[in-house]
Amino acid sequence: MVIASTDASPAPGISFIHMLCGLAGMLAAALLLLHEPMALLTRWHPATLAAVHLFALGGLMPVMLGALYQFVPVASGLSLPRRGGFDYLILAGLMAGAALLAMAFLGLYADGFLWAGSLLAVSLATAAARLLRALWTPAASGVLVGLLRANGLALVVTLILGLLLVGVLAFGWPLPLVPLVDAHALWALAGWVGGLIVSVATVVVPMFHVTDAYPARWARVARLLPLPLLVGSLALWGGWPVVARIAWLLLALAGAVFGGLTLRRVLAARRGERDAFHWGWCGVGVLCLALAVAGGLATLLDDAHWGMVFGLLALAGLGGGTVSVMLYRIVPFLIWLHWQRANKARVRLPLLHQIVPERDQRVQLMLELAAVLLLLGAIFQPGLTQPAALLYAAAKFLQIVLLAQAMRDFRQRLALLRRLPPKVRAAP
Amino acid sequence: MSYADFPAYLTADHRHCDEQLGALRKLALAADSATAAQTFEALNHDVLAHFAAEEEVLFPAFESATGMSCGPTQVMRMEHAEARELLADLAEAVSGQDVDGVRGHGEALLILLQQHNMKEENILYPMAYNVAGANAGELGARIAGRRQH
């Protein structure tokens, strides 16, 4: 048994490429909405379906995988062997699959569902197996490992439901489309995206904000969250809408509890800073509360608008927002850590908050928040769709520029540091 | 807390050091340099004493019981060395009343320590506890003795 050092994780460059590709996927989804201003009127609009899958599979997924490649070795203590070319191949399959799926929804490529389904199934199953293998070793323990395992399983269920939908769309399998779509969407949003955010928060909030731990009872509840998802999905399938509604309301309640617990902790944090990371995580707490309200309304009211509000808040709000906040922590730290380890000459390095200037982080996060609010407005007022999509695309473009600049500086400075002679300390 | 539960003792000590680091950053931002310097002295002492308790007591006991001297403890020692370098940078920033330096080095130290603590709390401590078996109480007492030295 060997505890992984950061050297045993995939190289940071691999994670950085995943992150930039993911942000580009989110940008592409926004550009699609710019082109189809009526898309947010209904979730069945082809452009909505295309944008949602571009955002989720070509946006959130690569960023999450890139981050997990660094995080899982730390959480599980086991190394993920370096497989540079293989990881790039998985990423290429994922991005191509997301693009083909979007084209298929837009009716641009007749065989798109089949090819997209095949590419996504292979690449996602391979990535999930790589991560779950590390998480399922006997040495891996702790609350976080248990939660991450549940997230991995939610991803697998989402993938299976997605493949069944590909079967319906590509081969006309006689399966009920609407319950399948609902279950697929909820497993993806609440099981995978929401579940992963809960898992990460359980560790990140107490440790990195210096707060009290989440109550032990919450950790037990969080591990059981796939249960209402399973019951609700089976109830949809079996035609018991009341049971399904109760299951969804339980999930909304859990979201509200998590949002409240998170917000309370971050507001009382003892980290000693009120910077973009602090306010960003306050935003995550508020978004969870808003998401719980939207989920509750979507369940209780027979109004499709609230379903759209829930989906948009979950994907672009909570998913995209948490990714943005965490990227401003993960990328500068990885850059700094690898510089520090190569800095045998002990020259002065840029400070952590200077690697991606904090003022720029705040501007980008505010732009992104404004864009999400405008997108929510566009659900009720379609005239807002284009300005909202444009603003979101601008926010993501700015983020790509900021992070790409930091990554370029990383490579240049690292090469320089490796050439410098080590500092010889004077004898005391 | 009994000495036998040394994982809980060391975990609580991690949280104690986190609190001190947060307090230091708050004081530096409030330009209270005198109290910041005192807080840094306490932080520096406590982190180094924690490392010493691990490196001089816990790790050798684990290595001798398992025969693994190049395993988890080697990685932990390497990360301790990285944290010591950061403490030196932080000392320089505190003595020079460099608020930006305290913010930057303080945040780097916090993240570095958290990812290090996660490995210790989730993996190394439970393993060391299992390996210690009936000797956990005696080992815990020696760890606490070195930490409070």
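Coordinate-derived values only; no laboratory data. Keep in mind it's a predicted model, so treat the numbers as computed, not measured. A quick note on method: Cβ atoms are made from the backbone with ideal geometry, for glycine too, and the neighbour counts reach across all protein chains shown.
Here is the figure for the range B:86-97: residues that are within 11 Å of chain A (Cβ to nearest Cβ) and buried (at least 16 other Cβ atoms within 10 Å of the Cβ) total 3.
The rows are residues; the columns are (1) among the β-branched types (Val, Ile, Thr); (2) surrounded by fewer than 23 Cβ atoms within 10 Å (Cβ to Cβ); (3) in contact with a Leu (Cβ under 8 Å, 6 or more places away or on another chain); (4) away from chain B (no Cβ under 14 Å).
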{"residue": "A:ILE330", "(1), (2), (3), (4)": "yes, yes, no, no"}
{"residue": "A:PHE333", "(1), (2), (3), (4)": "no, yes, yes, no"}
{"residue": "A:TRP339", "(1), (2), (3), (4)": "no, yes, yes, no"}
{"residue": "A:LYS344", "(1), (2), (3), (4)": "no, yes, yes, no"}
{"residue": "A:ALA370", "(1), (2), (3), (4)": "no, yes, yes, yes"}
{"residue": "A:LEU375", "(1), (2), (3), (4)": "no, no, yes, yes"}
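Of everything in the range A:185-241 that is charged (D, E, K, R) and part of a helix (DSSP H, G or I), the residue that is nearest to A:LEU159 (Cα to Cα) is A:ARG223. The single residue among A:LEU27, A:LEU65, A:LEU60, A:LEU49 that is surrounded by fewer than 23 Cβ atoms within 10 Å (Cβ to Cβ), within 20 Å of the chain's Cα centre (by Cα) and under 26 Å from A:VAL204 (Cβ atoms) turns out to be A:LEU27. Whenever a residue of the range A:273-291 is in contact (Cβ under 8 Å) with a residue 12 or more places away in the chain and closer than 17 Å to A:GLY311 by Cβ, its partners that are β-branched (Val, Ile, Thr) and buried (at least 21 other Cβ atoms within 10 Å of the Cβ), lying with C-beta atoms within less than 7 angstrom and at least six residues away or across chains, give the pairs A:CYS288/A:THR262.
Can you confirm whether B:GLU19 is under 27 Å from A:ARG348 (Cβ atoms), free of Cβ contacts under 8 Å to residues at least 40 places away in the same chain, within 12 Å of chain A (Cβ to nearest Cβ) and surrounded by fewer than 16 Cβ atoms within 10 Å (Cβ to Cβ)? Answer is no for this residue.
Quick one: B:ASN44 ticks every box in (1) polar (S, T, N, Q); (2) surrounded by 18 or more Cβ atoms within 10 Å (Cβ to Cβ); (3) without any contact (Cβ under 8 Å) to a residue 12 or more places away in the chain bar one, so which box is it? Here B:ASN44 clears every test but (3).
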